[in-house]
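Student: Here you go, one structure.
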Amino acid sequence: MRRVVVTGVGVISPVGSDKETFWKSLVEGQSGIGRITAFDPAPFTSQIAGEVKGFDPLAHIGAKEAKRMERFVQFAVVAAKQAAQDCGLDLAKEDAFRMGTIVGCGIGSLHLVETEHSVYLEKGPARLTPFLIPMLIVNMAPGQVAIQLGLKGPNSCVATACASGSHAVGDAFRIIQRGDAEVMFAGGTEAAITPMGVGGFCALMALSRKRNATPEQASRPFDKDRDGFVIGEGSGIVVLEELEHAKQRRAKIYAEMVGYGMTGDAYHMTAPSPDGHGAAKAMETALKDAKLAPGGISYINAHGTSTELNDKIETLAIRKIFGPSAKTVAISSTKSHMGHLLGAAGGVEAVICALAIERQVAPPTINYEFPDPACDLDYIPNRARPMRITAVLSNSLGFGGHNATIIFKQYK
């Protein structure tokens, strides 16, 4: 198997839309969650979200092109452009057919569906935009990334709900391992903070409702007083590169990707299996792929959504696989800072894993105040932890029972 390394990162998030601002916010324990500004949230039981503030696509994309991209696509394109610049790769000098992209997205554009449905009701079908379909479909994110960067190699989209971003990174890893590409831009994107998106999750009783007046305290993974997740938006893209290709151009290497596991619960539409067997098997498979024992993992970036079931069952799954090491491994959920970015979560968290290894700091779980007896591990409460980080595991668990685990380690 060919070795695969991370040579670039790009991120658009509620706590920062460049690498340095993003990381500074995480290690300082800042929250990017506030009252929703995209529309009037007053009628909704949950009125808060992790919105991306001050995003200007025209600073990165031509006006005509930007007009034909929905927000989730714009996020992915800008994050990919950041990652391209960060990795220092001269794309024009590379074989375009040996560079590709996989970007995961869980929902696509609810915004366009909502606005165009209003046009249909008020003015009839003849007034619908001809760009309705090509703008709303989820695969337009990797499609536009490829167009903007000139990537003619493998091009795909993953739609596995909240596991989409991690599956995209894992699938891109496999593509390079087996020799089908030298470079892959991989991650996730999402922009579903719309009336239908928020309303749908409210109807599911999945969103936090108790802290509309104190939104920065609402996302509290593993805390006994958690009452649901906070919806977020953004994009995270990593550049994965075949090791020899990266070495030949003397690329900066953040980390080496070494493991990928994916499973299905085959249990329920939205609830994880009560025994945690699906998440546990994904971690077990990724560890075997990485040739690492559980004790070799320094830090876990947990799925940690701040919901009653997820946090308890993910903790159970970690205990199953890590055994005695479960009590000593450092764990945090960065969703406490920015909410749950749905299909973008795994991509943004892959960026966090790469930066944690590079900078030897594990970001905290903020808003951790009241220990839950069912969640009894070390969740790095409230303050970042400088520590020796040799290997990082990241979990993503999605509606439909989709489970993904990816593992990165220090490059040697």
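The values are calculated or read from the model by the stated rules, or taken from the named source; none is laboratory data. Just so it is clear, the structure is predicted and the values come from calculations on it, not from any experiment. Note that we place each Cβ from the backbone using ideal geometry, even for glycine, and neighbour counts take in every protein chain shown. Calculation scope for accessible area: heavy atoms of the full protein, side chains included, ligands and nucleic acids excluded. Shrake-Rupley method; radii C 1.70, N 1.55, O 1.52, S 1.80 Å.
Student: Please work out which residue is nearest to Pro154 (Cα to Cα), limiting yourself to region 88-115 and to residues that are open to solvent by 20 Å² or more (accessible area, probe 1.4 Å) and in a loop (DSSP other than H, G, I, E, B). Even if it seems obvious, please write down each step before you answer.
Tutor: Of the residues in region 88-115, the ones open to solvent by 20 Å² or more (accessible area, probe 1.4 Å) are 88, 90-98, 106-107, 110-111, 113-115.
If we keep only those that are in a loop (DSSP other than H, G, I, E, B) too, we end up with 88, 90, 94-95, 106-107.
Details: Gly88: 21, Asp90: 19, Glu94: 15, Asp95: 12, Gly106: 20, Ile107: 22 Å.
Applying the filter and picking the extreme gives Asp95.
Student: Can you find a residue in region 123-134 that is at pLDDT 95 or above, in a loop (DSSP other than H, G, I, E, B), aromatic (Phe, Trp, Tyr) and in contact with a helix residue (DSSP H, G or I) (Cβ under 9 Å, 6 or more places away or on another chain)?
Tutor: yes
Student: Related question: Give Ala186, Ala181 a once-over and let me know the one that is open to solvent by less than 10 Å² (accessible area, probe 1.4 Å), closer than 20 Å to Ala141 by Cβ, modelled with pLDDT of 95 or more and more than 14 Å from the chain's Cα centre (by Cα). Show your work before the answer.
Tutor: Numbers: Ala186 fails: more than 14 Å from the chain's Cα centre (by Cα).
Selected residue: Ala181, the only one of Ala186, Ala181 that is open to solvent by less than 10 Å² (accessible area, probe 1.4 Å), closer than 20 Å to Ala141 by Cβ, modelled with pLDDT of 95 or more and more than 14 Å from the chain's Cα centre (by Cα).
Student: If you take the residues in region 197-233 that are over 23 Å from Gly106 (Cα atoms) and free of Cβ contacts under 8 Å to residues at least 60 places away in the same chain, which one is surrounded by the most Cβ atoms within 10 Å (Cβ to Cβ)?
Tutor: Taking the candidates together, the pick is Lys210.
Student: Shifting gears a bit: For region 21-45, what are the residues that are over 19 Å from Ile107 (Cα atoms), small (Gly, Ala, Ser) and not in a helix (DSSP H, G or I)?
Tutor: Those that are over 19 Å from Ile107 (Cα atoms), small (Gly, Ala, Ser) and not in a helix (DSSP H, G or I): Gly29, Ser31, Gly32, Gly34, Ala42.
Student: What's the number of the only condition in (1) of a type outside the set (Asp, Glu); (2) touching a Leu at 6+ places or on another chain (Cβ under 7 Å); (3) surrounded by fewer than 22 Cβ atoms within 10 Å (Cβ to Cβ); (4) in contact (Cβ under 8 Å) with a residue 60 or more places away in the chain that Ala271 fails to meet?
Tutor: The single condition Ala271 does not satisfy is (4).
Student: Follow-up question, since we're still on this one. Between a first residue in region 13-33 that is within 15 Å of Ala345 (Cα to Cα) and a second residue that is modelled with pLDDT under 95 and open to solvent by 50 Å² or more (accessible area, probe 1.4 Å), which pairs have beta carbons less than 7 Å apart while being 6 or more apart in sequence or on different chains?
Tutor: From region 13-33, no pairs qualify.
Student: Would you mind stating whether Ile406 is buried (at least 20 other Cβ atoms within 10 Å of the Cβ), in a loop (DSSP other than H, G, I, E, B) and not hydroxyl-bearing (Ser, Thr, Tyr)?
Tutor: In short, no.
Student: Now for a different question. How about region 277-316: which of its residues are small (Gly, Ala, Ser), out of contact with any Lys or Arg (no Cβ under 6 Å at 6 or more places or on another chain) and free of Cβ contacts under 8 Å to residues at least 60 places away in the same chain? Please lay out each step first, then the result.
Tutor: The first filter runs over region 277-316 and keeps only residues small (Gly, Ala, Ser), leaving 278-280, 282, 286, 290, 293, 295-296, 298, 302, 304, 306.
Still in the running and out of contact with any Lys or Arg (no Cβ under 6 Å at 6 or more places or on another chain): 278-279, 282, 286, 290, 293, 295-296, 298, 302.
Matches in region 277-316: Ala293, Gly295.
Student: Right, something else. Taking into account only those residues within region 47-87 that are open to solvent by 10 Å² or more (accessible area, probe 1.4 Å), outside any helix (DSSP H, G or I) and small (Gly, Ala, Ser), which is farthest from Val103 (Cα to Cα)?
Tutor: Residue satisfying both the conditions and the ranking: Gly54.
Student: Next question, about the same structure. Can you find a residue that is under 27 Å from Ile406 (Cβ atoms) and touching a residue at least 60 places away in the same chain (Cβ under 8 Å) anywhere in region 114-133? Quick ask: steps written out before the conclusion?
Tutor: Of region 114-133, the ones under 27 Å from Ile406 (Cβ atoms) are none.
No; the residues of region 114-133 include none that is under 27 Å from Ile406 (Cβ atoms) and touching a residue at least 60 places away in the same chain (Cβ under 8 Å).
Student: Take region 234-253 and flag every residue that is open to solvent by 10 Å² or more (accessible area, probe 1.4 Å) and either touching a residue at least 60 places away in the same chain (Cβ under 8 Å) or not basic (Lys, Arg) (or both).
Tutor: Narrowing region 234-253 to residues open to solvent by 10 Å² or more (accessible area, probe 1.4 Å): 242, 244-245, 247-253.
Answer for region 234-253, where residues must be open to solvent by 10 Å² or more (accessible area, probe 1.4 Å) and either touching a residue at least 60 places away in the same chain (Cβ under 8 Å) or not basic (Lys, Arg) (or both): Glu242, Glu244, His245, Gln248, Arg249, Ala251, Lys252, Ile253.
Student: Do we find that Leu151 is open to solvent by less than 50 Å² (accessible area, probe 1.4 Å), of a type outside the set (Asp, Glu) and either at pLDDT 95 or above or out of contact with any Phe, Trp or Tyr (no Cβ under 7 Å at 6 or more places or on another chain) (or both) in this structure?
Tutor: Details: open to solvent by less than 50 Å² (accessible area, probe 1.4 Å): yes; of a type outside the set (Asp, Glu): yes; either at pLDDT 95 or above or out of contact with any Phe, Trp or Tyr (no Cβ under 7 Å at 6 or more places or on another chain) (or both): yes.
Judged against the criteria, Leu151 is a match.
Student: Give the residues of region 353-375 that are touching a helix residue (DSSP H, G or I) at 6+ places or on another chain (Cβ under 7 Å) and within 25 Å of Arg211 (Cβ to Cβ), sorted by residue number.
Tutor: Passing the criteria: Pro363, Thr365, Ile366, Asn367, Ala374, Cys375.
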